[in-house]
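Remarks on the structure that follows.
The values are calculated or read from the model by the stated rules, or taken from the named source; none is laboratory data. Please read all numbers here as calculations on a predicted model, not as lab measurements. For neighbour counting, all protein chains shown are included, and Cβ atoms are generated from backbone atoms with ideal geometry for every residue, glycine included. Just the protein is used for accessible areas: all its heavy atoms, side chains included, with ligands, DNA and RNA removed. Shrake-Rupley method; radii C 1.70, N 1.55, O 1.52, S 1.80 Å.
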Amino acid sequence: MKALVPEVRLSLPARAEGVGVVRQALAGVADALVFDAAVLADMKMAVTEACTNVVVHAYDERDEGSLEVEMAADDTGLTIVVRDQGAGMQQGSAGRDAPALGLGLPLIAALSDGFELHGDPGEGTEVRMSFAYERRVDPATANPVQGSIGADGRWDADADQPQV
Amino acid sequence: MDANPIVLDETANDVIVVVVEGEHDIYTAPTLRDRLDEALARGGGVVVDLTAATFVDSSVLGALLDARRRALDAGQGYVVCVGAQVEPGVQRILDVTGLVPVLPVVGGLDEAITAARSASGAPS
């Protein structure tokens, strides 16, 4: 039986406390669909990383922008879009607390069944992820996270072992 | 009440256990960094206990890796434990990033405390 799930659109301030709210909303949507626990966990992680990128990279510190999330189910699975209206992926204001590890996009690629990144400088960034009800392959096998922790403490995609 | 607490457990004397419960992401990572700083400042071994954690993201991994580096530099033992029944929201990110042997991650708390104790003071 196919559950009826409305398309969900969220718009909230791009602040750290919003990321958990999006995760809870996703859990609510997924609850009405048939995903196994492993896919649900991957979904929550990928969406968290996408939202974190918006909070950390999309806007400078004076300009509090919005974090926009859309979720829509179809016959094959759930598609989730995370979007900002910022200046495009940049190093930006990551220095507020601590430098970002730089692992967000590799994780999203490894945990989603489909992943697209769109955006041009000045036009915002959109991360589109899809998750299948029935996985044929583990995406982490198809798109493994490459690298390890680099000498500067950030993720280094070329490192074959930890540099520190 | 904090639904996602991070507290220091000092009952193991020379090893401080940073107990992380619930969901943690960029919102609580600064608190985790503060607790890890406090634990490292005691000068002994440090264990991060994720047994009751249900979700950790890359912001949390960043905090755990920074603390690991400082522990290594200072010759302090540093071990993460996850318990016997690990939540997928914790295990998966450790697996796909290959960080289990790096942090390192072990199962039980007792094992982690023993490992952190024996590594403390040893040349890294």
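Structure summary
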quantity	calculated
Check on B:VAL96, assigned to a helix (DSSP H, G or I) and over 14 Å from the mean Cα position of the chain (by Cα)	yes
Qualifying positions in segment A:108-136 - within 17 Å of A:ALA72 (Cβ to Cβ) and of a type in the set (Lys, Arg)	A:ARG128
Residues (more than 7 Å from chain A (Cβ to nearest Cβ), open to solvent by 10 Å² or more (accessible area, probe 1.4 Å) and of a type outside the set (Lys, Arg)) located in segment B:46-69	B:ASP49, B:THR51, B:ALA52, B:THR54
Residues (touching a Leu at 6+ places or on another chain (Cβ under 6 Å) and part of a loop (DSSP other than H, G, I, E, B)) located in segment B:73-93	B:VAL82
Where B:VAL7 falls short, out of the listed (1) touching a residue at least 24 places away in the same chain (Cβ under 8 Å); (2) more than 30 Å from A:ALA37 (Cβ to Cβ); (3) open to solvent by 20 Å² or more (accessible area, probe 1.4 Å)	(2)
Members of segment B:80-109 that are surrounded by 17 or more Cβ atoms within 10 Å (Cβ to Cβ), within 13 Å of chain A (Cβ to nearest Cβ) and over 20 Å from A:PRO106 (Cα atoms)	B:VAL86, B:GLU87
Residues located in segment A:131-155, provided they are surrounded by fewer than 19 Cβ atoms within 10 Å (Cβ to Cβ) and either free of Cβ contacts under 8 Å to residues at least 24 places away in the same chain or small (Gly, Ala, Ser) (or both)	A:ALA132, A:GLU134, A:ARG136, A:VAL137, A:ASP138, A:ALA140, A:THR141, A:ALA142, A:GLY150, A:ALA151, A:ASP152, A:GLY153
Set B:VAL47, B:VAL60, B:VAL7: member being of a type in the set (Val, Ile, Thr) and assigned to a helix (DSSP H, G or I)	B:VAL60
Exclusive hit being without any contact (Cβ under 8 Å) to a residue 40 or more places away in the chain and touching a Gly at 6+ places or on another chain (Cβ under 8 Å), set B:VAL46, B:VAL19, B:VAL82	B:VAL82
Some residue of segment A:96-117 being of a type in the set (Val, Ile, Thr), assigned to a helix (DSSP H, G or I) and modelled with pLDDT of 95 or more	yes
Residue, farthest from B:GLN76 (Cα to Cα), within segment B:10-44, restricted to residues that are open to solvent by less than 30 Å² (accessible area, probe 1.4 Å) and part of a helix (DSSP H, G or I)	B:ALA29
Search result, residues across segment A:128-142 that are in contact with a Ser or Thr (Cβ under 9 Å, 6 or more places away or on another chain) and more than 10 Å from every other protein chain (Cβ to nearest Cβ)	A:ARG128, A:MET129, A:SER130, A:PHE131, A:ALA132, A:TYR133, A:GLU134
Residue check, B:ALA112 away from chain A (no Cβ under 14 Å), part of a loop (DSSP other than H, G, I, E, B) and over 22 Å from A:GLY153 (Cβ atoms)	no
